[in-house]
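Data first, discussion second: the structure below is written as structure tokens.
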Amino acid sequence: MSNWPVDLAEPLVGPFEAAFDRGGKIARALDSLGPVADRDCVVVDATAGPVRRSLTALGARVVDAPLASPFRLPVGDGSADCVIGLWSAFRGPVPVEIAEADRVLRTGGRLLVIHDYGRDDVSRIRGELPEYGVWSRKSGPFLTGGFRIRVLHCWWDFDSPEATTTFLTDAFGEAGASVAATLKRPRLSYNVAIYHRSKPAPGVNGPAR
């Protein structure tokens, strides 16, 4: 389940939530690109976490959808204004998942997909991932598939150097401790990509906005 961009043991969830995107940039960007306020939004594979909660706080009418195989969203045709994937969904993206999102979206409805972007402190811990490379390139599957991209410069922002080192070591072992030792302040740079597209009108195959 993609409440978070990383898998964490339960005791680490609280400290991570307190540090994650304290400025709320991700939720504000989703509203800007959607919007989500006072809209019918389907959120895939997330039922908790600050991004999911922020959508409700902004006034989104949220339906939670599992990431099932085959991929099927639990709402009717043309009934949603936004479909939102947080990290685990629309990886690639997969054409059948895009088609399913288009099925439930109203004409002009928005598909918003969050993935890590890399080029930051967090990616130094996590190593090589497709979202750090080919996915965000002009020749990659998103930007050649009708999506545009907005990159957000966020932070994992801890209260002290000691808290930073403790969390990164407990969560990521030697790789986390190594990055913690290089930080000048108790925070990690964290870049997020929101890939976004609109469902085109019937018979229209032009680029998404």
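Every number in this text was worked out from the coordinates using simple rules, so none of it is lab data. None of the values given here were measured: they were computed from a predicted structure. Note that we place each Cβ from the backbone using ideal geometry, even for glycine, and neighbour counts take in every protein chain shown.
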Quiz item: When the label point is put 7 Å from the Cα of Arg91 along its Cα-to-beta-carbon vector, which residues of region 97-131 have a backbone N closer than 11 Å?
Solution: 130-131
Quiz prompt | Packing-based exposure ordering (other Cβ within 10 Å, fewest first) of Asp21, Asp64 | solution = Asp64, Asp21
Exercise. Using only the alpha carbon atoms of region 1-107, find the Kirkwood hydrodynamic radius as the inverse mean reciprocal pair distance, in angstroms to one decimal.
Key: 14.4
Quiz prompt | Rg over Rh, two decimals, the chain (C-alpha only, Kirkwood Rh) | solution = 0.98
Quiz prompt | Per-residue Cβ neighbour rank within 10 angstrom, fewest leading, Val43, Val96 | solution = Val96, Val43
Practice problem: With an 8 Å cut-off on Cα pairs and a minimum separation of 6 or more residues, tell me the relative contact order of the chain in percent. | Solution: 23
Quiz item: Want the number for Arg72 to Thr56: 0.36 nm per residue separation, take away the alpha-carbon distance, what's left?
Solution: 3.5 nm
Quiz item: Relative to the present Cα-Cα distance, how much length would full extension add between Val151 and Val6 at 0.36 nm per residue of separation?
Solution: 50.3 nm
Quiz item: Picking from Ser69, Val43, Ser54, whose Cα lies most toward the positive end of the charge dipole for region 9-81 (charges on Cβ: Lys, Arg +1; Asp, Glu -1)?
Solution: Ser54
Quiz prompt | Ranked His153, His196, criterion: other C-beta atoms within 10 Å, fewest first | solution = His153, His196
Quiz prompt | region 39-110-region 139-209 distance, computed between alpha-carbon centres (Å) | solution = 19
Quiz item: Rounded to the nearest 500 deg cm²/dmol, what is the calculated helix-only ellipticity per residue at 222 nm for the chain, with -39500 (n - 2.57) per DSSP H run of length n ≥ 4?
Solution: -8500 deg cm²/dmol
Quiz item: Rg/Rh for region 109-209: what does it come to with C-alpha atoms and Rh from Kirkwood?
Solution: 1.13
Quiz item: Of the residues Val104, Val13, Val151, which exhibits the maximal mean-square fluctuation in a Gaussian network model of the chain defined by a 10 Å Cα contact cut-off?
Solution: Val13
